[in-house]
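One structure is given below, encoded as structure tokens.
The values are calculated or read from the model by the stated rules, or taken from the named source; none is laboratory data. Just so it is clear, the structure is predicted and the values come from calculations on it, not from any experiment. Positions of Cβ are generated from backbone atoms using ideal geometry, with glycine treated the same way; all protein chains shown enter the neighbour counts. Remember, those area values only see protein heavy atoms, side chains included, never the ligands or the DNA or RNA. Shrake-Rupley method; radii C 1.70, N 1.55, O 1.52, S 1.80 Å.
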Amino acid sequence: MSIIGYQASHEQFKPSELVRLAVMAEKAGFQAINSSDHFHPWSERQGQSGYSFAWLGAAMQATSLPFGVVCSPGQRNHPAIVAQAAATLAEMFPGRFHVSLGSGEALNERITGEIWPIKSERNARLLESVNVMRDLFTGKEVTHHGRVTVECAKLYTLPDELPLVYGAAVTEETAEWVGSWADGLTTIHKPLNELEQTVKAFRRGGGEGKPMIVKVQLSYARDEQAAIDGAYDQWRTNIFQGTVLGDLYKVEQFDALGEFVTIDKLREMVNISTDLTVHTDLIKSYISLGFDTVILHNVNRDQETFIADFGEKVLPQFALSAPA
């Protein structure tokens with residue numbers, strides 16, 4: 001039976017507020033928490049960008065759920081530091097933490113002032129970073145000179161159970177490549193036929209039998225116009241192709257592009273509905289593709305209504321269908 005989780009959006013809420021929401025989500029019946037690792041939000045209207053690894057320790061202490069985070073080692077985050085952070089969380093909270101690694105976006109990573117590489121170079125750097133992290137997880141001393149540099153690094157605090165290393169992918173091409181090295185796939189939802197091709201690509205590349213996570217962007221409210229307005233205000237800057245999302249580097253650039261987004265275009269990438277049956281059926285469609293975990297991200301700001309209504313009327317349907 002698939003796990004239904006809650007997305008803690010650091011771009012939209014203060015870290016202290018996200019801890020409160022994570023506790024609320026667990027009480028409502030969500031079975032996992034996922035978070036982003038951003039230095040900047042996608043829009044001035046979102047307005048936040050707390051440091052995810054600091055937040056994770058507090059949020060995991062406040063709850064008993066498994067957690068994951070999507071981050072990008074290699075530029076802003078050195079892979080040895082990501083490995084240390086991941087190992088520390090896994091030691092403190094056994095069996096409750098995994099990390100999803102991607103090639104990153106200029107919006108977050110370009111703050112170092114280094115050249116922002118083309119996608120193929122970012123992928124090569126990511127794979128080097130993954131290999132460095134896995135070597136560090138073995139407890140041996142690591143020295144590596146390549147797209148990333150490591151000198152005589154060794155992790156002295158290691159967990160009994162190492163965290164799984166997922167690969168984050170949006171396109172079919174990246175998903176197929178991720179299948180060759182990752183413990184699992186993390187992706188975002190898109191039209192079902194396109195998402196199915198992403199799954200097939202991951203499996204074709206070596207991901208057959210590995211776990212898969214999909215983050216679903218939705219906007220739920222009890223009033224239809226509120227659901228539409230909330231999605232348009234908060235998430236219209238986030239629906240562009242990967243090349244745009246990856247290479248723009250200033251918040252105001254995303255806000256400028258967002259002015260050209262129509263509601264119809266937004267609906268293609270965000271499930272906007274007041275009907276809980278619609279959301280339930282969509283979740284079932286993602287599960288039917290083989291996703292082990294479905295993370296729900298209500299992109300509007302009314303998290304309390306979303307958590308309460310989904311907890312009461314959506315989540316129990318999946319719990320009831322679990323085998324006895």
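Would you check if H297 is in contact with a Phe, Trp or Tyr (Cβ under 7 Å, 6 or more places away or on another chain), surrounded by 16 or more Cβ atoms within 10 Å (Cβ to Cβ) and within 25 Å of R20 (Cα to Cα)?
no
Output the number of the condition that L185 fails; it satisfies all remaining conditions of (1) out of contact with any Asp or Glu (no Cβ under 6 Å at 6 or more places or on another chain); (2) exposed (fewer than 15 other Cβ atoms within 10 Å of the Cβ).
Every condition holds for L185 apart from (2).
Hey, among S72, S52, S36, which residue is at pLDDT below 95, open to solvent by less than 20 Å² (accessible area, probe 1.4 Å) and under 17 Å from the mean Cα position of the chain (by Cα)? Quick ask: steps written out before the conclusion?
Numbers: S72 fails: at pLDDT below 95; S52 fails: at pLDDT below 95.
Among S72, S52, S36, only S36 is at pLDDT below 95, open to solvent by less than 20 Å² (accessible area, probe 1.4 Å) and under 17 Å from the mean Cα position of the chain (by Cα).
Give the residues of region 188-202 that are without any contact (Cβ under 8 Å) to a residue 40 or more places away in the chain, over 15 Å from the mean Cα position of the chain (by Cα) and crowded, with 18+ Cβ neighbours inside 10 Å, sorted by residue number.
From region 188-202, those without any contact (Cβ under 8 Å) to a residue 40 or more places away in the chain are 188, 193-194, 197-198, 200-202; that's our starting set.
Next, from what is left, pick out any that are over 15 Å from the mean Cα position of the chain (by Cα): 193-194, 197-198, 200-202.
Once the filter is applied, which keeps residues that are without any contact (Cβ under 8 Å) to a residue 40 or more places away in the chain, over 15 Å from the mean Cα position of the chain (by Cα) and crowded, with 18+ Cβ neighbours inside 10 Å, region 188-202 yields T198, A201, F202.
Restricting the search to region 1-33, which residues are open to solvent by 40 Å² or more (accessible area, probe 1.4 Å) and either of a type in the set (D, E) or closer than 21 Å to T186 by Cα (or both)?
M1, I3, E17, E26, Q31, listed by residue number.
Checking G113 against (1) farther than 26 Å from W55 by Cα; (2) open to solvent by 50 Å² or more (accessible area, probe 1.4 Å); (3) without any contact (Cβ under 8 Å) to a residue 24 or more places away in the chain, which single condition isn't satisfied?
With (1) farther than 26 Å from W55 by Cα; (2) open to solvent by 50 Å² or more (accessible area, probe 1.4 Å); (3) without any contact (Cβ under 8 Å) to a residue 24 or more places away in the chain applied to G113, the lone miss is (1).
Looking for something in a strand (DSSP E or B) and within 17 Å of Q84 (Cβ to Cβ) - is there at least one such residue anywhere in region 157-170?
As a first pass, look at region 157-170 and keep what is in a strand (DSSP E or B): 165-168.
Checking the rest, the ones that are also within 17 Å of Q84 (Cβ to Cβ) come to 165.
Within region 157-170, one or more residues are in a strand (DSSP E or B) and within 17 Å of Q84 (Cβ to Cβ).
In region 46-70, which residues are closer than 19 Å to G167 by Cβ and either out of contact with any helix residue (DSSP H, G or I) (no Cβ under 6 Å at 6 or more places or on another chain) or without any contact (Cβ under 8 Å) to a residue 24 or more places away in the chain (or both)?
S52, P66, G68, V70
Would you mind stating whether F254 is assigned to a helix (DSSP H, G or I) and either at positive phi or of a type in the set (F, W, Y) (or both)? Please lay out each step first, then the result.
Values: assigned to a helix (DSSP H, G or I): yes; either at positive phi or of a type in the set (F, W, Y) (or both): yes.
Yes.
Is it the case that T280 is at pLDDT 95 or above, within 25 Å of E17 (Cα to Cα) and out of contact with any Gly (no Cβ under 6 Å at 6 or more places or on another chain)?
Working: at pLDDT 95 or above: yes; within 25 Å of E17 (Cα to Cα): no; out of contact with any Gly (no Cβ under 6 Å at 6 or more places or on another chain): yes.
Here the answer is no, as T280 does not meet what is asked.
Which condition does D183 not pass, out of (1) in contact with a strand residue (DSSP E or B) (Cβ under 8 Å, 6 or more places away or on another chain); (2) under 16 Å from R122 (Cα atoms); (3) charged (D, E, K, R), if it passes all the others?
Failed condition: (2).
Can you tell me which residue in region 90-110 is nearest to Y166 (Cα to Cα), limited to those that are in a helix (DSSP H, G or I) and open to solvent by 10 Å² or more (accessible area, probe 1.4 Å)?
Let us first name the residues in region 90-110 that are in a helix (DSSP H, G or I), namely 90-92, 106-110.
Pick out the ones that are also open to solvent by 10 Å² or more (accessible area, probe 1.4 Å) and you get 91-92, 110.
Values: E91: 18, M92: 20, R110: 23 Å.
Only one residue fits best here, namely E91.
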